[in-house]
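Read the figures in this text as sums done on the coordinates, not as results from a lab. Being a predicted model, the structure only gives us computed values, none of them experimental. As a convention, Cβ positions derive from the backbone with ideal geometry for all residues, glycine included, and neighbour counts pool all protein chains shown.
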Amino acid sequence: MKEFDYIIIGGGCAGLSLAYELEIHNKLQNKTVAIIEPRSKYKKDKTWSFWKTADHNFDDCIKKSWKNFSINISDKTNYLECINYPYQSIDSGLYYEKINSRLNKNKNISFFKNLNEINSNNALIFNSVPPTKNDYHNLWQHFCGVEIESKSEFFDDEIFNLMDFDCEQRESVHFFYTLPYSKNKALVETTWLSKMNDDSQKDYDLQLKDYIENHLNLKDYKITYKEEGAIPLFYPSYELKKNKINIGTAGGMTRLSTGYTFLNIQEHSKYIRKNIENISKAKKFKISKKYQFLDVIFLRVLEKNPEMMPNIFFKMFKSSPKTVIKFLSNKSNILEDLLIILKMPKWIFIKALFY
Ligand SMILES: Cc1cc2nc3c(=O)[nH]c(=O)nc-3n(C[C@H](O)[C@H](O)[C@H](O)COP(=O)(O)OP(=O)(O)OC[C@H]3O[C@@H](n4cnc5c(N)ncnc54)[C@H](O)[C@@H]3O)c2cc1C
């Protein structure tokens with residue numbers, strides 16, 4: 001069976017980002033790569049959004065970028081600016097097309113559907129496939145979004161809504177999220193933070209219909225695209241193997257308090273590319289321990305006090321938006337961390353240290 005220098009298991013966001021980063025920096029001229037990906041055709045299946053706190057290779061795949069956003073609870077709305085770190089949405093369809101058309105030009109890169117088709121004994125493996133088991137003991141961010149098109153010019157596309165908590169919470173944490181791409185197109189998502197063991201939360205279609213028609217007050221629209229997913233708010237555990245490096249969600253690139261993963265994947269890809277000659281021995285790339293610790297405490301509070309979370313998120317954004325964005329994007333300094341921590345209800349967070 002054929003052997004390769006590198007094997008990338010999973011040609012999704014992390015697998016393709018890594019292959020692209022290696023390819024554009026000429027690291028694959030004398031190395032062979034196998035990408036293992038079961039899907040036979042790529043089509044848009046996700047919208048990756050984030051505050052642009054770091055450079056990435058995909059500015060030409062951006063669907064829309066915003067400099068203003070809002071967050072609201074039932075009786076209050078906070079309007080904020082993000083001029084320094086615009087919020088960007090990447091269209092996965094454009095992203096897959098861009099990367100695949102570049103990778104297909106390099107004869108050293110081959111695609112396979114299954115790892116069994118090749119010999120993986122002597123390769124360096126980059127794995128982006130997490131262990132597949134349903135885990136109802138940990139928290140997930142699960143959601144469903146629809147892109148809608150209205151007949152009339154309905155949306156203000158200068159501002160997006162990050163979190164609208166003015167909705168049923170069902171003893172959990174629930175919000176809607178609206179990204180207006182133009183005056184008559186928007187992505188509207190219903191998002192839950194829960195253990196995913198309450199099936200009543202998954203009547204996503206009804207939630208979206210009700211929200212669009214009775215909350216946004218838009219009656220005349222059609223759905224043009226739908227995406228659904230669940231992001232684990234915990235780190236997967238693996239047995240350590242010398243020749244295997246986990247990447248993407250499987251590699252702990254998700255920020256647990258927010259679900260943001262895309263930019264961390266890009267930074268991990270850059271790190272691997274810079275250290276590729278010696279990557280098995282290089283220090284493991286991780287989201288810093290500081291955020292791991294703070295996020296665990298935050299999720300403990302969330303689990304025990306879901307009813308308080310709308311207020312807690314709302315209060316967090318009472319700090320300067322630049323500070324909050326840096327904090328949520330793993331870019332804050334100690335002073336900025338403190339400013340956020342001081343906005344939190346102290347007693348509840350102190351108690352969470354000892355659960
Ligand atoms: C719908 C959705 C929206 C998201 N939106 C955002 C966002 O706005 N911002 C953000 O920062 N993060 C977001 N995330 C989180 C995260 O960025 C994405 O999940 C991202 O795609 C993670 O990249 P990945 O490579 O780890 O996983 P994936 O992109 O899912 O890639 C894994 C790949 O492995 C393949 N695969 C599966 N089984 C096997 C197997 N046995 N062998 C080989 N290959 C296999 C799959 O087909 C897939 O292509 C979102 C997640 C989802 C699900």
From zero outward in steps of 5 Å, how is the percent of C-alpha pairs of the range 289-352 spread across the bins? 4, 17, 31, 28, 17, 4
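Apply 1/(1 + (r/R0)^6) to the Cβ-Cβ distance of Glu213 and Lys41, taking R0 = 30 Å, and write down the FRET efficiency to the nearest 0.05.
On the way: r = 34 Å, r/R0 = 1.12.
Efficiency computed from Cβ-Cβ geometry: 0.35.
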Quick one: dipole size for the chain, taken about the Cα centre, charges +1 on Lys/Arg Cβ and -1 on Asp/Glu Cβ, in debye to the nearest 20. 1560
Want the number for Leu94 to Tyr136: 0.36 nm per residue separation, take away the alpha-carbon distance, what's left? 11.7 nm
The helix 289-304 Cα axis meets the longest alpha-carbon principal axis of the chain at an angle in degrees, between 0 and 90 and rounded to 10, of 40
Relative to the Cα centre, what is the charge dipole magnitude of the range 289-352, using +1 at the beta carbon of each Lys and Arg, -1 at the beta carbon of each Asp and Glu, and rounding to the nearest 20 debye? 140
Most positive-pole-ward Cα, Tyr211, Leu233, Asn305, against dipole of the chain from beta carbon charges: Leu233
At R0 = 41 Å the Cβ-Cβ FRET efficiency linking Lys284 and Lys183, nearest 0.05, sits at 0.35
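When averaged across all projection directions, what area in nm² does the alpha-carbon convex hull of the range 54-135 cover? Don't jump to the answer; show the numbers that get you there.
Working: hull surface 41.4 nm².
Dividing the Cα hull surface by four gives the mean projection, 10.3 nm².
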Lysines whose Cα lies under 21 Å from that of Lys43, excluding same-chain neighbours fewer than 8 positions away: Lys63, Lys64, Lys98, Lys105, Lys113, Lys185, Lys222, Lys226
Per residue, what volume in Å³ does the convex hull of the Cα atoms of the range 1-158 enclose? 182
For the range 140-232, the percent of all C-alpha pairs falling in each 5 Å bin, from 0 up to the bin holding the max distance, is 3, 14, 27, 26, 16, 9, 4, 1
Cα-only Rg/Rh for the chain with Kirkwood Rh rounds to 0.97
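Can you work out the FRET efficiency for the pair Lys318 and Asn116, with r the C-beta to C-beta distance and R0 = 51 Å, to the nearest 0.05?
Details: r = 54 Å, r/R0 = 1.06.
After rounding to 0.05, the efficiency reads 0.40.
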Place the peptides 65-71, 189-195 in order of packing, highest mean first, counting for every residue the other Cβ atoms within 10 Å and averaging per peptide. 189-195, 65-71
Under a Cβ-Cβ cut-off of 10 Å, what is the net charge of the residues other than Asn138 that fall near it, where Lys and Arg count +1 and Asp and Glu count -1? -1
Helix 262-274 sits off the longest principal axis of the Cα atoms of the chain, rounded to the nearest 10 on a 0 to 90 degree scale, by 30
To the nearest 10 degrees, how steep is helix 13-24 against the longest Cα principal axis of the chain, on a 0 to 90 scale? 50
Local charge sum around Met196 (other residues, Cβ-Cβ under 11 Å, Lys/Arg +1, Asp/Glu -1)? -1
Using alpha carbons only, how many angstrom separate the centre of the range 210-258 from the centre of the range 99-135? 22
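Could you sort the peptides 35-42, 277-284 by per-residue average Cβ neighbour count (10 Å cutoff), highest mean leading?
Details: 35-42: 14.4, 277-284: 10.4.
Put in order of decreasing packing, that is 35-42, 277-284.
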Just grab the label-to-label distance for Asp220 and Met308, each label 7 Å out from Cα along the Cβ direction, in nm (one decimal). 4.7
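Give the dimensionless ratio obtained when the Cα radius of gyration of the range 118-176 is divided by 2.2 N^0.38 Å. Kindly include the intermediate steps, with their values, before the conclusion.
Numbers: Rg = 20.4 Å, N = 59, 2.2 N^0.38 = 10.4 Å.
For the range 118-176, the normalised Cα radius of gyration comes out at 1.97.
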Evaluate the charge dipole of the range 1-155 about its Cα centre and quote only its size in Debye, nearest 20, assuming +1 on the Cβ of each Lys and Arg and -1 on the Cβ of each Asp and Glu. 340
Among Tyr136, His25, Ile340, flag the residue with its Cα farthest along the positive direction of the charge dipole of the chain, charges on Cβ as +1 for Lys/Arg and -1 for Asp/Glu. His25
